[in-house]
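Novice: Okay, handing you the structure first.
The values are calculated or read from the model by the stated rules, or taken from the named source; none is laboratory data. All values reported here derive from a predicted model rather than from experimental measurement. Quick reminder, even Gly has a Cβ in these numbers, built from the backbone with ideal geometry, and neighbours come from all protein chains shown.
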There are 2 protein chains.
Amino acid sequence: MTTVNSFSARLISTEPGYVVGVDAGGSKVAAGLISHDGQVGFTIQHPMDTRGAEASLACITGAVEAVIAGSGVERSAIRGVGLGIPGIVDAERGIGVASANLGWREVPVRQRLNELLGLPCEIEEDVRTAALGEARLGAGRGLDSLFFLVIGTGIAGALILNGKLLKGADNIAGEIGHAMLVADGPRCKCGGRGCFEALAAGPAIAARARGKLEKGTSSLLLNLCGGDVASITAKMVFETAGQGDPLALETVEETCEYVAFALQFIALDVNPQVIILAGGVPRAGRQFMEPVLRRLERQAAESVVFSQTFHPEMVRLSALGDQVGVLGAATLVPGFLEY
Amino acid sequence: MTTVNSFSARLISTEPGYVVGVDAGGSKVAAGLISHDGQVGFTIQHPMDTRGAEASLACITGAVEAVIAGSGVERSAIRGVGLGIPGIVDAERGIGVASANLGWREVPVRQRLNELLGLPCEIEEDVRTAALGEARLGAGRGLDSLFFLVIGTGIAGALILNGKLLKGADNIAGEIGHAMLVADGPRCKCGGRGCFEALAAGPAIAARARGKLEKGTSSLLLNLCGGDVASITAKMVFETAGQGDPLALETVEETCEYVAFALQFIALDVNPQVIILAGGVPRAGRQFMEPVLRRLERQAAESVVFSQTFHPEMVRLSALGDQVGVLGAATLVPGFLEY
């Protein structure tokens, strides 16, 4: 199903041009018209076709064309297309190197989009794209260094220093989801053990709660899942923790200890101005943030070194919500929404 | 006592000029004449006078003047003085903000040295200075991103990205010595608990070995220290580990687990080309490096993400030895030994 939102009334001026920002994932593609001042105009979202690279590219170009047509903006006013995609991306060469979600390997995305649309295109990995969006227009607005951390079904990070993405020597800077926090801990999708992702991402939270239930501990979770333990999600764990359920509270405390641990290490390693949290787990809100901040505050109260960087506003939730993907993608177009 | 070394024969050419690099600490000041190609010429070392900022500054200028006089180079060929000092340094403003070792607070070092010597001067914190030296002339030569980690009586790090020091939002980037690795672990000098430094720096290694001895475990360490448990050092622990002593081996394994833990996190966080280790603990050599690399190799064998960055040459020992301080200091002078 295609959903359309139009806020284009405020975008009458075609003066400094527009960009189409596209956020493509394994299940859907979202695209939006973005003005030079970071306003989101006409947006569209439809299912992604992953039967092949050309099918996916057709989905993406279809979304771009629908945005241009639907917004009523002259094609000549479109300065370019920015696209965020999951997986490994070679942004300089414009190549989608590998994406499990899209089923891509070595797809010359920039060249194909340019051929299909006749517009300049830029691509970047989606977490890095979102980090750019938050840095330019969201919770990091006005700052030039930040760490962006998504905790959802996986854990991925991106680092912006001096207003630019740090990609790292092997293009994996920010991949702390696969830093080992617990020796011989639970197996991770990456093959490692005790990775941050295998301890604190949504599925890991649910699995730990299930493990406690299977030991016979009683919990409101059992009512909430209707006895179907396999259906327990991290969201249910946070929900029952909010109701004071001891098993859920313990699971949340463990999760927040891992998160706080990672955050203080990042803060002392690269010392960013802020750390921005996004994804389904931080969306639990106070139930998640309060135990994380409590730990960091205690550490700052004790350590004269950590106290030099930590203050409660240093760790903040993402501000762009669902629009972070298309807004971040718009920042990829050179000279548009840049610092 | 003042010691003098002269290798000045190879420094006859005065063509592209020289820099005097100075490494000042709480106990001594070392200075050397450095040529444009990174050769160390005439060097001098004498005790530091810490009875006051002016006394320390006189020690530093005395060392610089002795190097200029002793090397026989025309003063007009000296392009500047670079100085590394311990503590918190505001390099941009040229201020020694705070140094426990030197007893300094808010000392306008650059301005005073400039007045006293009539030469352009630049200052930087000593660990960062050493990192620049290794990056430009040592184990990181030819590379533009590295993490430099000193494990000695304390633990301090410095990060070079795109050929430049990353100082961080609060001037504490690289301070992972005060990252908490063990909740409620041993108390650290910074006031925190379970800091990396409180677990893996030299005094922490010695303290952990002593703790094991006090539980009655037998060990070759008891012979080596002549029964004076308080005199045990990290060096003794590595020495007896090399002789197969179980207590010492266990202490070394624990230490190397903490170090490997920190290294993999750094590698996945900022993804530098190399991590360079310096200080007394890594100087234990194979006895230290082998257990660290064994852990990292195992993690890389399991994790497809970590395997993208880890290879045994990624973690290496510093190459400049005792000259790292004066060589690093020489790189501070703009246009001299820069990338």
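Novice: Only one of A:ASP37, A:ASP49 is loosely packed, with under 14 Cβ neighbours inside 10 Å and either charged (D, E, K, R) or at pLDDT 95 or above (or both). Can you tell me which?
Specialist: Criteria check complete, one pass: A:ASP37.
Novice: Still on this structure: Suppose the filter is part of a helix (DSSP H, G or I) and surrounded by 23 or more Cβ atoms within 10 Å (Cβ to Cβ); does A:ARG128 pass it?
Specialist: yes
Novice: For region A:142-157, give me each residue that is over 19 Å from A:GLY202 (Cα atoms) and either part of a strand (DSSP E or B) or touching a residue at least 60 places away in the same chain (Cβ under 8 Å) (or both).
Specialist: A:LEU143, A:ASP144, A:SER145, A:LEU146, A:PHE147
Novice: Out of (1) part of a loop (DSSP other than H, G, I, E, B); (2) within 14 Å of chain A (Cβ to nearest Cβ); (3) hydrophobic (A, V, I, L, M, F, W, C), the odd one out for B:LEU268 is which?
Specialist: So the condition that B:LEU268 fails would be (1).
Novice: To continue, here is another question. Across region B:162-182, what is the total count of residues that are within 28 Å of B:MET236 (Cα to Cα), in contact (Cβ under 8 Å) with a residue 24 or more places away in the chain and not in a loop (DSSP other than H, G, I, E, B)?
Specialist: The number of residues fulfilling the criteria is 2.
Novice: Right, something else. Could you list, in sequence order, the residues of region A:106-139 that are free of Cβ contacts under 8 Å to residues at least 24 places away in the same chain and of a type in the set (A, V, I, L, M, F, W, C)?
Specialist: Selection gives nothing.
Novice: Something else about it: Which numbered condition trips up B:ASP144, out of (1) under 18 Å from B:GLY328 (Cβ atoms); (2) surrounded by 23 or more Cβ atoms within 10 Å (Cβ to Cβ)?
Specialist: All conditions are met except number (2).
Rundown of residues vs (1) assigned to a helix (DSSP H, G or I); (2) over 21 Å from the mean Cα position of the chain (by Cα); (3) within 12 Å of chain A (Cβ to nearest Cβ), yes/no style:
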| residue | (1), (2), (3) |
| --- | --- |
| B:ASP184 | no, yes, yes |
| B:GLU197 | yes, no, yes |
| B:ASN223 | yes, yes, no |
| B:ALA230 | yes, yes, no |
| B:GLY244 | no, yes, no |
| B:GLU250 | yes, yes, no |
| B:VAL259 | yes, no, no |
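Novice: When residues of region B:60-94 are filtered for being assigned to a loop (DSSP other than H, G, I, E, B) and either under 14 Å from B:GLN45 (Cα atoms) or touching a strand residue (DSSP E or B) at 6+ places or on another chain (Cβ under 7 Å) (or both), how many remain?
Specialist: Residues flagged as assigned to a loop (DSSP other than H, G, I, E, B) and either under 14 Å from B:GLN45 (Cα atoms) or touching a strand residue (DSSP E or B) at 6+ places or on another chain (Cβ under 7 Å) (or both) within region B:60-94 amount to 5.
Novice: To continue, here is another question. Of all residues in region B:199-221 being charged (D, E, K, R) and assigned to a helix (DSSP H, G or I), which is nearest to the other protein chains (Cβ to nearest Cβ)?
Specialist: The extreme case among them is B:ARG208.
Novice: Let me ask you something else. So is B:VAL97 part of a strand (DSSP E or B), surrounded by fewer than 24 Cβ atoms within 10 Å (Cβ to Cβ) and either of a type in the set (Gly, Ala, Ser) or assigned by TED's automatic domain parsing to the domain that holds B:GLY62 (or both) or not?
Specialist: Here the answer is yes, as B:VAL97 does meet what is asked.
Novice: Count, please, the residues in region A:147-169 that happen to be surrounded by 19 or more Cβ atoms within 10 Å (Cβ to Cβ), over 21 Å from A:GLY280 (Cα atoms) and of a type outside the set (A, V, I, L, M).
Specialist: Qualifying residue count, region A:147-169: 2.
Novice: Here is a list: A:ALA179, A:ALA173. Which entry is closer than 15 Å to A:VAL127 by Cβ, assigned by TED's automatic domain parsing to the domain that holds A:ALA241 and touching a Leu at 6+ places or on another chain (Cβ under 7 Å)?
Specialist: A:ALA173
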